[in-house]
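Asker: Please see the structure below; I have some questions.
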Amino acid sequence: MENLSNLLPYIQITLSILIMIVVLLQQSDAGLGGAFGGGDDFSGGHTRRGFEKTIFYTTIILSLLFVASTFVALII
């Protein structure tokens, strides 16, 4: 347990950096105008394919691992 509690902050830092990288790699179709309600194209039927789908699932997996490591840090 002592070894894990020393290693856990490094794991969380690594996971957080990886999450930032994959979030920044994701493509967004909504520009700044879309954030304020000014976008005129509706992308509700957008289907992720290929690399975009891989990055999307990688983001979800890394986020779940980060949350799990946070719960482990609370328990220790």
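Asker: What list of ³J(HN,Hα) values in whole Hz, one per residue of the range 58-71 in order, does the Karplus curve 6.51 cos²θ - 1.76 cosθ + 1.60 (θ = phi - 60°) give from phi, with Gly and Pro shown as x?
Answerer: My calculation for the range 58-71 gives 5, 4, 5, 5, 5, 5, 5, 5, 5, 5, 5, 5, 5, 5 Hz in order.
Asker: In addition: Calculate one ³J(HN,Hα) per residue across the range 8-16 by plugging θ = phi - 60° into the Karplus curve 6.51 cos²θ - 1.76 cosθ + 1.60, and present them in order as whole Hz with x for glycine and proline.
Answerer: Rounded to whole hertz, the list is 4, x, 5, 5, 5, 5, 5, 5, 5.
Bear in mind that the values in this text are calculations on the coordinates, not laboratory data. Computed from a prediction, not measured in an experiment: that's the story for all the values here.
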